[in-house]
Amino acid sequence: MEIRRAGNSGLSVSRLGLGTWTWGRDTDEHEAADQCRAYLDAGGNFLDTAATYGEGDSERVIGGLIGTLFKRDDVVIATKAGITSVDGERIKNASRHSLIAELDKSLLRLGTDFVDLWQIHVWDPTNPLDDTLSALDYAYASGKARYVGISNYSGWQSARAITRQEDFPSKAPIATIQNEYSLLNRQIETEIIPCVTELNVGLLAWSPLGRGVLTGKYRNGTPSDSRAASSHFAAFVSPYLDDRSSRIVEAVCVAAEGLGFSPLEVSLAWVRDAPGVTSAIVGARTGAQLRGILTSEEISLPAIVRDVLNEISAI
């Protein structure tokens, strides 16, 4: 698998990352190990998690794989902080105090002294930005995070954070931005992609398969074993079950049939090779499903197909 440099940092990750949102909750330890093994065998090196995934269970599962399935230095482990759960309610809290406390808990669950990439999960409008960024400085200077990044920030929020960190050599440089990007959601092309291009920062694209909709599984309804039928994920998938998304999915399916590929392969290759993208983060329910996703590494889209998909899915 191709390894790409994240902007002008020293961080190098495979162009497909393995997302672990469901690990420890919907995906047990054995299934997670199967997925991880398939991913590593394909040449991947980038595991993406967060303190809030499974209320920490995702990190615990990854920690159990270190030393048994892979050597710590062979894998880039990225986690996030900034979303906490209080009495079952998700709360944004990107204060220095909360972020550093979450980092220490993440390291304990992962069973490691450091993470390769530590990211602020979401913008916190109630907290001063400098207070948030000071937590990145602490993690970077202490060695608890080799690199730092931000996630789900808007264009102006990203540019402000990145340039604030560039003002002083002693501050932690932001290496990556992580945002949603797919044929069904191209909003980041307006500001985020110009931002990462101008400021030379890596872009990590989450949900490149349009929350699973671009696989074509919802063309004729909602399968009982799909995420849209799950109480955990129904609200997450439903925004992409509209008429516009349906038209894009049909175009992807037509292109896939003509090329002899699957809709999944076409959709993922489109994001993976889009300008500015460092890595596309994928997730799967099973090892078999992940192996199917990894076959996208064998294909690239003809320019004419990419142009047509660009036109059909344009904002």
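The values are calculated or read from the model by the stated rules, or taken from the named source; none is laboratory data. In this text, all values refer to a predicted model and were calculated from it rather than measured experimentally. Note that we place each Cβ from the backbone using ideal geometry, even for glycine, and neighbour counts take in every protein chain shown.
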Open item on the list: Tell me whether region 190-201 contains one or more residues that are buried (at least 23 other Cβ atoms within 10 Å of the Cβ), more than 24 Å from D73 (Cα to Cα), touching a residue at least 60 places away in the same chain (Cβ under 8 Å) and of a type in the set (A, V, I, L, M).
Closed with: yes
- [ ] Test A205 against the criterion of being farther than 22 Å from L129 by Cα and either in contact (Cβ under 8 Å) with a residue 40 or more places away in the chain or within 14 Å of the chain's Cα centre (by Cα) (or both), and give yes or no.
- [x] yes
Open item on the list: Anything in region 157-204 that is at pLDDT 95 or above, among the small types (G, A, S) and not in a strand (DSSP E or B)? List them, or say none.
Closed with: S158, A159, A161, A172
Task: T20 vs. criteria within 15 Å of the chain's Cα centre (by Cα), surrounded by 18 or more Cβ atoms within 10 Å (Cβ to Cβ) and either within 17 Å of T286 (Cα to Cα) or of a type outside the set (S, T, Y) (or both) - done: yes
Open item on the list: Can you find, within region 1-15, the residue that is surrounded by the fewest Cβ atoms within 10 Å (Cβ to Cβ) among those that are under 15 Å from the mean Cα position of the chain (by Cα) and within 15 Å of L294 (Cβ to Cβ)?
Closed with: R15
Open item on the list: Regarding region 75-91, can at least one residue be identified that is surrounded by 18 or more Cβ atoms within 10 Å (Cβ to Cβ), over 17 Å from S12 (Cα atoms), out of contact with any Asp or Glu (no Cβ under 6 Å at 6 or more places or on another chain) and of a type in the set (G, A, S)?
Closed with: yes
Open item on the list: Just checking: which of the helices (runs of 4 or more DSSP H) contained wholly in region 230-313 hold 3 or more residues that are modelled with pLDDT of 95 or more and either buried (at least 16 other Cβ atoms within 10 Å of the Cβ) or not aromatic (F, W, Y) (or both)?
Closed with: 243-259, 263-272, 303-312
Open item on the list: Which of the numbered conditions does N220 fail, given that it passes all the others? Conditions: (1) farther than 28 Å from L40 by Cα; (2) modelled with pLDDT under 95; (3) within 23 Å of the chain's Cα centre (by Cα).
Closed with: (3)
- [ ] For region 159-175, enumerate the residues that are touching a helix residue (DSSP H, G or I) at 6+ places or on another chain (Cβ under 6 Å) and in contact (Cβ under 8 Å) with a residue 40 or more places away in the chain.
- [x] A159, P173
- [ ] With respect to D41, determine if the residue is crowded, with 19+ Cβ neighbours inside 10 Å and not polar (S, T, N, Q).
- [x] no
TODO: Please identify the pairs in which a residue from region 12-36 that is under 13 Å from G63 (Cα atoms) has its Cβ atom under 6 Å from the Cβ atom of a residue that is assigned to a helix (DSSP H, G or I) and at pLDDT below 95, counting only partners at least 6 apart or on another chain.
DONE: G24/G54
